[in-house]
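Q: I have a structure I would like to understand better, so I am pasting it below and will then ask my questions one at a time.
We did not get these values from a lab; they are worked out from the coordinates using the rules stated. Bear in mind that the values here come from a model prediction, so they are computed numbers and not experimental data. Please note: Cβ atoms are built from the backbone with ideal geometry, for glycine as well, and neighbour counts cover all protein chains shown.
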Amino acid sequence: MTGLEAATDLVRLSAADLASKLASGEVSSVEATRAHLDRIQAVDGDIHAFLHISERALDVAAEIDSRRTNGDQLGPLAGVPLAIKDVLVTTDMPSTSGSRILEGYMSPFDATVVARARAAGLVPLGKTNMDEFAMGSSTEHSAYGPTHNPWDLDRIPGGSGGGSAAAVAAFEAPLALGSDTGGSIRQPAHVTGTVGLKPTYGGVSRYGAIALASSLDQVGPVTRTVLDAGLLHDVIGGHDPFDSTSLLDQWPSFAEAARDGARGDVLRGLRVGVISELPDEGFQPGVSASFREALAKMEAHGAEIVEISAPHFEYGVAAYYLILPAEASSNLAKFDSVRFGMRVTPHAAATVEEVMAATRDAGFGDEVKRRIILGTYALSAGYYDAYYGSAQKVRTLIQRDFDNAFQNVDVLATPSAPTTAFKLGEKIDDPMQMYLNDVTTIPANLAGVPGISIPSGLASEDGLPVGIQFLAPAREDARLYRVGAALEALLVDEWGGPLLERAPLLPAARATTLRQAQGPMEGKA
């Protein structure tokens, strides 16, 4: 086997399989890390999943190898490479949240999930591209240029975390960290054929995640298998005293839950709820067909499909796009040109207000400005109760819909998004169409319940990936891992291998200069 073939084999391994080879000494972390860095060098000029590549990745990998040689006790994922969404601050790489206003910003501390990943021996590869301040469903709103879907470079990889999903789908990283405010982990997973999980609100620390909407944001794993998601979730989850919303729960092992799902008879007797208010209208036919086929497979293995009513889900998008902008307008007020970030001085005698206005005009993109204006309006005197207050009442009704549903079913199932990946530029000038792309994912964020998206097949119209979403009661993340792994095992067995094996793999020969017209940040390899 040539060195190139060996490297290709390494990058195609699941995180669990790679971790096993690392633990046995069959592969070193340096070899695994170098293989992924080479893969990034070869294909990321086409994909643009990364904004910054760590200059210390190989050094960190060498440290892990040395500790392993010395007999140190290491975590299950020690030595496995990891991509990090740029919404999470890091001390050794810029943290921009995809925005010009934070270009080059170096944080004095690591986000808690990053610190936990480092402590567990994972090797940060770099920071991934995203819609600016996580506002978007396509990663076209990044100030540093769009990310491309590895299945079709003319299509979007989802958003806001398209960079993390694309990196995992393109075999540039076996694991990635993402954040999910209204579907920003699950919707990219849907369109890239990957696995993405939004944990229960408070189950994973938000400390060090640059805030968009504090009552909605949640950090979670982006992977190629359900087991890999569970392994990463075990590392990053748990109480954090630095996060006032962090739950005090003692969580079970999510990796073990995934293993139980893959080898057990989890589906027999499982009650799966299908929401009657989500008809096929508005969903791409191939998405609906894949969803129904997945449900049929579950039913054939003992699951009971139950139609339930969630009458207020249809108002979720409207409520979300009042609550999110309102919280965003408050959270982004700190970017004032005074304390940190870029500063634009319009003229020598400019006042603080003039500098602030000029800085925000130059530093914020159109989508961020749109949502700040909307949120400020919704919070203004005379409109607070009519808009923001009413949206919070709808949020309560949606939470009650979930409570009522889970009295009758174990999990809810929906398509993870209404369509497959649309073409770059197709919806960027139509915010309403972009917003509706999150219609099935938003309710989970409004209610704080966990949700997972796993690949369910390829749409018949275009051969692009489709995902199925499962939702569970708050604190029942382990249930999602068991159900997700059980269905994944059925589908992979039927397909004869993971869905990503069918993806048109970008040839390594298509290396391009990473500093292209997209304008990647300084320090990218």
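Q: Based on DSSP, what percent of beta bridges with both residues in region 33-169 are antiparallel, to the nearest 5?
A: On the way: 4 of 9 bridges.
Within region 33-169, antiparallel bridges account for around 45 percent of the total.
Q: How high is the relative contact order of the chain, given as a whole-number percent (alpha carbon pairs under 8 Å, six or more residues apart)?
A: Numbers: 1244 pairs, mean separation 102.2, N = 525.
Computed value for the chain: 19 percent relative contact order.
Q: Provide Rg over Rh for region 213-353; use the alpha carbon set for both Rg and the Kirkwood Rh (inverse mean inverse pair distance). Don't skip to the answer; put the middle values down first.
A: Working: Rg = 22.7 Å, Rh = 20.3 Å.
Rg divided by Rh gives 1.12.
Q: Give the Kirkwood hydrodynamic radius (Å, one decimal) of region 1-97, defined as one over the mean of 1/r across all pairs of different Cα atoms.
A: Details: mean 1/r = 0.0696 Å⁻¹.
Averaging 1/r across every pair of different Cα atoms and inverting gives 14.4 Å.
Q: By what distance, in whole Å, do the Cα atoms of region 365-492 stretch along each of the three principal axes, largest value first?
A: Over region 365-492, Cα extents along the principal axes are 54, 40, 19 Å.
Q: Also: Report, ordered by chain and residue number, the lysines lying within cross-link reach of K127, taken as a straight Cα distance under 25 Å and ignoring same-chain residues fewer than 8 apart.
A: Within reach: K85, K198, K334, K369, K423, K524.
Q: Something else now. Please state, rounded to one decimal and in Å, the Kirkwood hydrodynamic radius that region 57-194 gives when every pair of distinct Cα atoms enters the mean of 1/r.
A: Details: mean 1/r = 0.0659 Å⁻¹.
About 15.2 Å for region 57-194.
Q: Pull up the DSSP beta bridges for the chain and report the antiparallel fraction as a percent, rounded to 5.
A: On the way: 28 of 43 bridges.
Taking every DSSP beta bridge with both residues in the chain, the antiparallel ones total about 65 percent.
Q: Using θ = phi - 60° and the Karplus form 6.51 cos²θ - 1.76 cosθ + 1.60, what ³J(HN,Hα) does each residue of region 403-409 get, whole Hz, x for Gly and Pro?
A: Computed from phi, the couplings for region 403-409 are 4, 5, 5, 6, 6, 10, 9 Hz.
Q: Going by C-beta contacts inside 10 Å, put I185, I428, I468 in order with the fewest on the left.
A: Working: I185 35, I428 18, I468 25.
By the 10 Å Cβ count, ascending: I428, I468, I185.
Q: Tell me, rounded to the nearest percent, the portion of alpha carbon pairs in region 46-129 spaced more than 16 Å apart.
A: On the way: 1812 of 3486 pairs.
Here the long-distance tail beyond 16 Å is 52 percent of all Cα pairs in region 46-129.
Q: Before anything else, pin down the relative contact order of region 159-272: Cα pairs under 8 Å, at least 6 apart, normalised by residue count, whole percent. Before the final figure, lay out each step's value.
A: Values: 200 pairs, mean separation 26.6, N = 114.
The value is 23 percent.
Q: Amide H to amide H, which residues 5 or more places from R155 or on other chains are under 5 Å from it, using H placed in the peptide plane?
A: N149, L424
Q: Sorting check: for 490-496, 9-15, which peptide has the highest mean count of neighbouring beta carbons within 10 Å, and how do the rest follow?
A: For the peptides 490-496, 9-15, the packing ranking is 9-15, 490-496.
Q: Rounded to the nearest 500 deg cm²/dmol, what is the calculated helix-only ellipticity per residue at 222 nm for the chain, with -39500 (n - 2.57) per DSSP H run of length n ≥ 4?
A: Numbers: 17 runs with 200 residues, N = 525.
Using -39500 (n - 2.57) per qualifying helix, the result is -12000 deg cm²/dmol.
Q: Using only alpha-carbon positions, what ratio does the radius of gyration of region 256-324 give when scaled by 2.2 N^0.38 Å? If you can, show how the numbers build up before the last one.
A: On the way: Rg = 15.5 Å, N = 69, 2.2 N^0.38 = 11.0 Å.
It is 1.41.
Q: Run through all the Cα pairs of region 126-214 and give the fraction in each 10 Å bin from 0, expressed as whole percent.
A: It works out to 20, 54, 23, 2, in whole percents.
Q: Sticking with this structure for a sec: Return the inverse of the average 1/r over all pairs of distinct C-alpha atoms in the chain, which is the Kirkwood hydrodynamic radius, in Å to one decimal.
A: Working: mean 1/r = 0.0438 Å⁻¹.
Answer for the chain: a Kirkwood hydrodynamic radius of 22.8 Å.
Q: Percentage of Cα-Cα pair distances in region 35-80 greater than 13 Å, rounded to whole percent? Mind dumping the intermediate values first?
A: Numbers: 659 of 1035 pairs.
Considering region 35-80, 64 percent of its Cα-Cα pairs are separated by more than 13 Å.
Q: Run the numbers on region 40-197 and let me know its relative contact order in percent, using alpha-carbon pairs under 8 Å that are six or more apart. Present the calculation step by step, with values, prior to reporting the outcome.
A: Working: 366 pairs, mean separation 38.4, N = 158.
Normalised by residue count, the contact order of region 40-197 is 24 percent.
Q: Mind listing the phi-derived Karplus ³J(HN,Hα) values for region 161-177, rounded to whole Hz, using 6.51, -1.76 and 1.60 with θ = phi - 60°, and x for any glycine or proline?
A: Calculated HN-Hα couplings, in order: x, x, x, 5, 5, 5, 4, 5, 5, 8, 6, 8, 7, x, 9, 8, 9 Hz.
Q: Something else: One-quarter of the Cα convex hull surface for region 313-388, in nm²? Mind showing how you got there, number by number?
A: Numbers: hull surface 24.0 nm².
If you wrap the Cα atoms of region 313-388 in a convex hull and average its projections, you get 6.0 nm².
Q: May I pose another question? Starting from one equal scatterer on each C-alpha and no solvent at all, send me the Debye-based log10 I(q)/I(0) for region 196-246 at q = 0.14, 0.31, 0.33 Å⁻¹, two decimals.
A: These q points yield log10 I(q)/I(0) values of -0.34, -1.23, -1.32.
Q: When ranked by the protection proxy of mean other Cβ atoms within 10 Å per residue, highest first, what sequence do the peptides 217-230, 239-252, 387-400, 44-57 form?
A: On the way: 217-230: 28.9, 239-252: 14.1, 387-400: 17.5, 44-57: 22.9.
Listed from highest to lowest mean packing, they are 217-230, 44-57, 387-400, 239-252.
Q: Indicate the gyration tensor shape class of region 359-432 (rounded, prolate or oblate), computed on the Cα atoms with a ≥ b ≥ c the square roots of the eigenvalues: a/c under 1.5 is rounded; otherwise a/b larger than b/c is prolate and the rest oblate. Please list the in-between numbers first.
A: Working: a/c = 3.49, a/b = 1.28, b/c = 2.74.
Because a/c hits 1.5 or more and a/b fails to exceed b/c, region 359-432 counts as oblate.
Q: Okay, next question. Taking a cut-off of 18 Å, what percent of all Cα-Cα pairs in region 177-290 are separated by more than that?
A: Numbers: 3887 of 6441 pairs.
Beyond 18 Å sits 60 percent of the P(r) for region 177-290.
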